[in-house]
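A.B. asks: Quick one: the structure is below, and I'll ask about it shortly.
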Amino acid sequence: MAALFAVVLIAALVFGLVLLWLELRHRLRPASPLRLRSSGWKVQRSSVNQWQVKGTISIRNPHPRMEVFVPEIELKPTLLGRSDLSNVNVRCSLTPQHPDEEARSDGYWFAYIVKGRKTTQAEALITLEASDGTELRQLLDTLWLEILWINYGPFGRLQQRDGVLIPLRRPAPAQSSSSNWRQGDRCSVLPIRTHLLGTLDDPADVLRHYAGAVLQPGDVLTIGETPLAVMQGRYNHPANLQPSRLARLLCRVFHPTSSLATACGLQTLIDNVGPARVLCAWLAGTALKLVGSKGWFYRLAGEQARLIDDVTGTTPPYDQTIVLGPVQSSEVCRQLAAELGVAVAVVDVNDLGRVKVLASSPGCDEALLARALKPNPAGNANERTPLVLVRPN
């Protein structure tokens, strides 16, 4: 008995050391402290066939000592529309606005050092012009602007890829006189169309703008978990990820249709909850699955394990990124409900009739939502109806 106890103790110690090694290696991996964000985007319509899109790109270094180089930065614009855009010419320029160095007149981006606890910025200008004179309003819908930049410092040379979505055209808000309500099970349902949402959007402003005119006491306004997540900036391009050996190994055991069945998809979860938790969840989940109890990996690995959408899992242009689930959903629902005067819920619905309420404001009738959303009125394609208004009959 004593020998068995000693073997178990040694095995537990070895396993604990393995978990510690995984966590330390994960937390000490090369990383840059620089943070990029953009703001102030405006669309100026010089003429019917020429528009200019202007905004500011800021790079912040929160580290107290480390100095990081930005030797390269490039803008990669992609236009989205509803017709052929081959006749639309796109020109980009980026003008540095460093606090301590003047920009070059030839537009060249020279390698710049962002010192500890300092910020620099640049003004981006994207010019859009239809070469055949066609009105751009008839062609364009959205500008997806990717920012490809290099971080260079003690951690090595890291390539970063960030993206911001800039709406060029917005649909009209829902109106009581023209709304196309659908009849459901003891309720009425109204899918509400919006523009493609992104980090430049505030959830409260979006809900108020598009649904405010049709809201009544007793209504429940729902928003999809993915649209809320992208407004929170919860997406990442796979180029920014460095899949670990653990991610490359474990991703092979998941069903091919799972968002965790790729090394980058699983690495996203590892970066979110840590490698030790993922490994322990997989070991425990596999053991319980052998005795007939399924689904424990997702319970033990945390909510994000179910909510991650891998590449192609969302609508363009986010289909090229990995989208996580939203954060602080319950608090968001409470705040939105207080501002709008109706119940608000964050939901995850699919075409198979699965309805999951991730979070809701106090007093929300979740049984009503289960009946109303089962036919998936928002759709899973390119409907662009992330908001669904439910009204009990």
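A.B. asks: Looking at Asp348, is it surrounded by fewer than 19 Cβ atoms within 10 Å (Cβ to Cβ) and either of a type in the set (Ser, Thr, Tyr) or under 30 Å from Arg161 (Cβ atoms) (or both)?
C.D. replies: So Asp348 passes the test.
A.B. asks: When the residues of the range 157-185 are narrowed to those that are part of a strand (DSSP E or B) and over 27 Å from the mean Cα position of the chain (by Cα), which ends up surrounded by the most Cβ atoms within 10 Å (Cβ to Cβ)?
C.D. replies: Per the stated criteria, the residue is Gly184.
A.B. asks: Please name all residue pairs, on different chains or six or more residues apart, with Cβ atoms under 6 Å, provided the first residue is in the range 223-243 and is under 30 Å from Arg334 (Cβ atoms) and the second residue is hydroxyl-bearing (Ser, Thr, Tyr) and modelled with pLDDT under 95.
C.D. replies: Between residues of the range 223-243 that are under 30 Å from Arg334 (Cβ atoms) and residues that are hydroxyl-bearing (Ser, Thr, Tyr) and modelled with pLDDT under 95, the close pairs are Thr226/Thr314.
A.B. asks: Another one. Got at least one residue in the range 138-145 being among the acidic types (Asp, Glu) and either closer than 30 Å to Ala31 by Cβ or out of contact with any Leu (no Cβ under 7 Å at 6 or more places or on another chain) (or both)?
C.D. replies: No, the range 138-145 contains no residue that is among the acidic types (Asp, Glu) and either closer than 30 Å to Ala31 by Cβ or out of contact with any Leu (no Cβ under 7 Å at 6 or more places or on another chain) (or both).
A.B. asks: Just to check your reading of the model, which residue among Ala359, Ala345 is at pLDDT 95 or above, within 19 Å of Val214 (Cα to Cα) and outside the structural domain of Gln304 (by TED's automatic domain parsing)?
C.D. replies: Matching residue, one of Ala359, Ala345: Ala345.
A.B. asks: Output the strands (runs of 3 or more DSSP E) that fall wholly within the range 25-131 and possess 3 or more residues being in contact with a helix residue (DSSP H, G or I) (Cβ under 9 Å, 6 or more places away or on another chain) and in contact (Cβ under 8 Å) with a residue 40 or more places away in the chain, or say none.
C.D. replies: It comes to 118-130.
The values are calculated or read from the model by the stated rules, or taken from the named source; none is laboratory data. These numbers were taken from a predicted model, which means no experiment stands behind them. Neighbour counts are summed over all protein chains in view; Cβ atoms, including those assigned to glycine, are modelled from backbone coordinates with ideal geometry.
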